[in-house]
Amino acid sequence: MQVSEVRRAMAAAVSTASALGLTADDAIVLHDSNKLTLRLLPCDVLARVAPVADQVARFEVELAQRLNEAGCPVAALEPRVEPRVHERDGFVITLWTYYEPVTPREVPPADYAHALDRLHAGMRALDVPTPHFTDRVEQAQQLVANRDRTPALPDADRELLGDTLRRMRRVISERGGAEQLLHGEPHPGNLLTTENGLLFIDLETCCRGPVEFDLAHAPEEVGEHYPGVDQDVLRQCRILVLAVITAWRWDRGDQLPNGRRLATEWLGQMRAALARESWS
């Protein structure tokens, strides 16, 4: 979120919580990207704030409710207020349960896989309209092809990224495996270790596709513990995900710290993975 908007977003979240009867005198920024994640005190509520044009919040709230009702491992909405999207001062605000983090530790791959398998099982029972995973790939392809948006991307790397996105998209789609509702980005940053167990957050990225696409966002060892995985498709999905997130880092508007360093590092990983594939 733009620096000029952060204070306004924080004030909107505090005002919204206060109007709902929660005691909110202060806000601590926990994460700042396309939306702001805040811890409101002393009521201890987690607020997610985004520009009002971001209507994905409504989808996220409804999906979180349904998945919680199904017993899936996802973060819950704040139970002291009505579960809905609030609008104030040009922002949409959603209020969630704040989970005090437990002592930092690496999540065992088997536990990670089990939590993701439970999430997928609950998602298979839902019929909700979502984008297809190839829509995200198409967005990355358009970004790579647009020199005005990616002016610093070297020509050779532009060609490699464009070719990899196109080829991986085709190869994975042609495998014809079963598809279902997915989290979309179940990487470690979207997995909380809490006293209630492992919980997934940030459901706005949901899409449809093979479970291997979700597993490609998790550490490699997790795929070894997930039941029924097509390891060939998983390897290809890992290359595809690397290509997509690398493309994002070359966007001239990207604000991720050390984004260009990561882009260079990920390009190297992608080249190495392509070299290991017999058809590359």
Which condition breaks for residue 277 when tested against (1) of a type in the set (D, E, K, R); (2) open to solvent by 30 Å² or more (accessible area, probe 1.4 Å); (3) at pLDDT below 90; (4) over 21 Å from residue 151 (Cα atoms)?
(2)
When region 223-244 is checked residue by residue, the ones that are over 14 Å from residue 209 (Cα atoms) and open to solvent by less than 40 Å² (accessible area, probe 1.4 Å) are 223, 226, 239, 242, 243, 244
Mind checking whether some residue in region 3-20 is in contact with a helix residue (DSSP H, G or I) (Cβ under 7 Å, 6 or more places away or on another chain) and not in a loop (DSSP other than H, G, I, E, B)?
no
Within region 18-32, of all residues that are under 25 Å from the mean Cα position of the chain (by Cα) and closer than 11 Å to residue 45 by Cα, the one surrounded by the most Cβ atoms within 10 Å (Cβ to Cβ) is 27
Out of 152, 113, 140, which single residue is in contact with a helix residue (DSSP H, G or I) (Cβ under 6 Å, 6 or more places away or on another chain), touching a residue at least 60 places away in the same chain (Cβ under 8 Å), among the small types (Gly, Ala, Ser) and within 21 Å of residue 254 (Cβ to Cβ)?
140
A careful count of residues in region 38-75 that are under 30 Å from residue 121 (Cα atoms), open to solvent by 20 Å² or more (accessible area, probe 1.4 Å) and not in a helix (DSSP H, G or I) gives 6
Does residue 102 satisfy being more than 21 Å from the chain's Cα centre (by Cα) and closer than 19 Å to residue 200 by Cβ?
yes
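The values are calculated or read from the model by the stated rules, or taken from the named source; none is laboratory data. Model, not experiment: these values are computed from the prediction. In this analysis, Cβ positions are derived from the backbone assuming ideal geometry, glycine residues included, and neighbour counts consider all displayed protein chains. These area figures cover heavy atoms from the full protein model, side chains too; ligands, DNA and RNA do not enter into them. Shrake-Rupley method; radii C 1.70, N 1.55, O 1.52, S 1.80 Å.
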